[in-house]
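> Sharing a structure below in structure tokens format, with a few things to ask.
The values are calculated or read from the model by the stated rules, or taken from the named source; none is laboratory data. None of these values were measured; they are calculated from a predicted model. Quick reminder, even Gly has a Cβ in these numbers, built from the backbone with ideal geometry, and neighbours come from all protein chains shown.
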């Protein structure tokens, strides 16, 4: 396995605030890594460092390059869609394709055209971006990105502001048109439930620190949710759940590295959702 | 590198349609002015006949040539002034708009360096806009000449004898092209400054750019009693206008005593490339603009929008 992204002790400070605080992680080829964190956790700053859009302290290598010093080389093999990287409103669809074709050595105009043919943008080649709906702009952006033969794709809240149909379509298209074992995706989103079944790995970030970094497979081994009530709940509580909440009068407890046999005697066991695990971890970190 | 520059400059032309629209609009207004003047003169048949007869018999070819060349310079000067204002607004907008419309992160997601991007904007301001203006100047001159020829023919004059033969078009156009480009080089410190302001201004780039240009000479004179900044700005802005005025006066002298200045007789010969490139002020200005452009690259590269 080769690591596409290697971070060691990466920090970024804005005045007195440490937006990213001594972060270390690796992302291997062929993975879909979800970076999950609350607002202001440092997600975007970390992504910007990976993309070479901001300088940083510590060691960070992306595709073997220093992202800040070698942004141009990096961008030939890396793509990103971000809610804040908006397409210029004045540009025409055809001009945008012309420009990316002229500046990006790994862009396939043919592939972009054939991807666009499947979207609502197809008949709007002479339209300006400002005349397209938000959903169409995202389809356009994704078609361009998917037509770039890049090794790493970075998505920062790519579906923000889109309706549910476009959001579902976006991730479906991402998997069918873009992803294969040669490619790697790093994605952040608030709507964690939408992407948890496509992720291979997950990272939680809070207050600039990584509080969880694990393959999705081992999540099911490492965490379990117990639904129980009454006396059995008190017994379970003594086994040290990392979080507890009430649903319809029943207690739902989350356990890390659980003793499944003993817990199984106390109630129903479930695999926790990433969202629940996330809430538990963030609260645990704050406590 | 060069392929990227071509793509980037094309991008500038797509985004800033005013690069074409402004000079073309001025050119059309001027052409319309020629047409209207000629139309209004239609009722003064006698005066027009006398005028055409007088012009046809005026001096020798070199005098007719001087008058025509002088008249053809009028649209060049007006379009050049319009172009200079266009360059100010273009350069102030060029690195500001991409932050205002938040497309900067998209542009930076492509394999194009910040230096390449800023250089494409500097090249557009320094060369592309002047070249477009030059083409519009030539077109406006040709349209005016064609309109006037038709009018002269209707009035019974000989347009070839009066206009086309005496006009030193090749010399005039070569001089105009050299003139807009040299003048543009001369003004690059302002272009660099505007690009730099455009790269860092959070709002109101025009005000931010204009204030130091107005305030620095005043403050310098008030505090130190010196006028280094005043002279530096003067030599680049007011001086060329004074020079143009002198040239215009020389043209008027033709009608008084038939003295033909060398500038107006053969404009191309009158341009002194050697003297221009020997001016220390030119090179000092180019260095200043290089510093500002480098600063603009660094601001774009290091600025964090989040």
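> Can you list the helices (runs of 4 or more DSSP H) found entirely within the stretch B:1-113 that contain at least 2 residues being in contact with a strand residue (DSSP E or B) (Cβ under 9 Å, 6 or more places away or on another chain) and under 30 Å from residue A:97 (Cα atoms)? Give the derivation first.
Working: elements: B:2-15, B:18-40, B:45-56, B:61-94, B:97-100, B:104-108.
It comes to B:104-108.
> I've got another one for you. Provide a single number: the residues in the stretch B:101-115 that are over 15 Å from residue A:69 (Cα atoms), surrounded by fewer than 20 Cβ atoms within 10 Å (Cβ to Cβ) and more than 7 Å from chain A (Cβ to nearest Cβ).
Residues flagged as over 15 Å from residue A:69 (Cα atoms), surrounded by fewer than 20 Cβ atoms within 10 Å (Cβ to Cβ) and more than 7 Å from chain A (Cβ to nearest Cβ) within the stretch B:101-115 amount to 1.
> Tell me which residues, restricted to the stretch A:156-181, are in a loop (DSSP other than H, G, I, E, B) and either outside the structural domain of residue A:119 (by TED's automatic domain parsing) or crowded, with 19+ Cβ neighbours inside 10 Å (or both).
A:158, A:159, A:162
> Need at least 1 residues that are over 30 Å from residue A:154 (Cα atoms) per element, so show me which strands (runs of 3 or more DSSP E) inside the stretch A:189-273 make the cut, counting only ones lying wholly within it. Break it down into steps so the answer makes sense when it comes.
On the way: elements: A:201-206, A:209-215, A:223-228, A:243-247, A:250-256, A:268-270.
Correct list: A:223-228, A:243-247, A:250-256, A:268-270.
> Taking the conditions exactly as written (over 17 Å from residue A:91 (Cβ atoms), at pLDDT 90 or above and crowded, with 19+ Cβ neighbours inside 10 Å), does residue A:153 satisfy them or not?
So residue A:153 fits the description; yes.
> Which condition from (1) at pLDDT 95 or above; (2) assigned to a loop (DSSP other than H, G, I, E, B) is the one that residue B:116 breaks?
Of (1) at pLDDT 95 or above; (2) assigned to a loop (DSSP other than H, G, I, E, B), only one is false for residue B:116: (2).
> For the condition within 30 Å of residue B:160 (Cβ to Cβ) and touching a residue at least 12 places away in the same chain (Cβ under 8 Å), what is the one hit in B:112, B:67?
Among B:112, B:67, only B:67 is within 30 Å of residue B:160 (Cβ to Cβ) and touching a residue at least 12 places away in the same chain (Cβ under 8 Å).
> I'd like to verify a number: residues in the stretch A:251-287 that are loosely packed, with under 15 Cβ neighbours inside 10 Å and more than 19 Å from residue A:214 (Cβ to Cβ), how many?
8
> Let me ask another. When residue A:32 is evaluated against the numbered criteria (1) free of Cβ contacts under 8 Å to residues at least 60 places away in the same chain; (2) more than 14 Å from every other protein chain (Cβ to nearest Cβ); (3) under 23 Å from residue A:187 (Cα atoms), which criterion, by number, is the only one it fails?
Exception for residue A:32: condition (1).
> Name the one entry in B:71, B:35 that is out of contact with any helix residue (DSSP H, G or I) (no Cβ under 7 Å at 6 or more places or on another chain) and more than 14 Å from chain A (Cβ to nearest Cβ).
B:71
> When the residues of the stretch A:31-50 are narrowed to those that are in contact with a strand residue (DSSP E or B) (Cβ under 9 Å, 6 or more places away or on another chain) and surrounded by fewer than 17 Cβ atoms within 10 Å (Cβ to Cβ), which ends up modelled with the highest pLDDT?
A:38
> Considering every residue within the stretch A:214-226, establish whether at least one is outside the structural domain of residue A:200 (by TED's automatic domain parsing), touching a residue at least 24 places away in the same chain (Cβ under 8 Å) and over 26 Å from residue A:186 (Cα atoms).
The answer is yes; a qualifying residue exists.
> Could I ask something else about it? Is it fair to say residue B:91 is in contact with a helix residue (DSSP H, G or I) (Cβ under 8 Å, 6 or more places away or on another chain) and within 14 Å of chain A (Cβ to nearest Cβ)?
no
> Next question, about the same structure. Could you list, in sequence order, all residues of the stretch B:147-168 that are closer than 15 Å to residue B:33 by Cβ and surrounded by fewer than 19 Cβ atoms within 10 Å (Cβ to Cβ)? Don't jump to the end; show me each part of the working.
Residues of the stretch B:147-168 closer than 15 Å to residue B:33 by Cβ: B:147-148, B:151.
Across the stretch B:147-168, the qualifying residue is only B:147.
> Given the structure, is residue B:117 touching a residue at least 12 places away in the same chain (Cβ under 8 Å) and touching a helix residue (DSSP H, G or I) at 6+ places or on another chain (Cβ under 7 Å)?
Yes; evaluated as a whole, the condition is true for this residue.
> Looking at the stretch A:62-146, what helices (runs of 4 or more DSSP H) fall wholly within it and have at least 2 residues that are touching a residue at least 12 places away in the same chain (Cβ under 8 Å), within 8 Å of chain B (Cβ to nearest Cβ) and closer than 30 Å to residue A:39 by Cβ?
On the way: elements: A:71-75, A:93-103, A:109-117, A:134-146.
Qualifying helices (runs of 4 or more DSSP H): A:71-75.
> Right, something else. Are any residues in the stretch B:10-27 surrounded by fewer than 17 Cβ atoms within 10 Å (Cβ to Cβ), more than 11 Å from chain A (Cβ to nearest Cβ) and in contact (Cβ under 8 Å) with a residue 60 or more places away in the chain, and if so, which ones?
B:18, B:20
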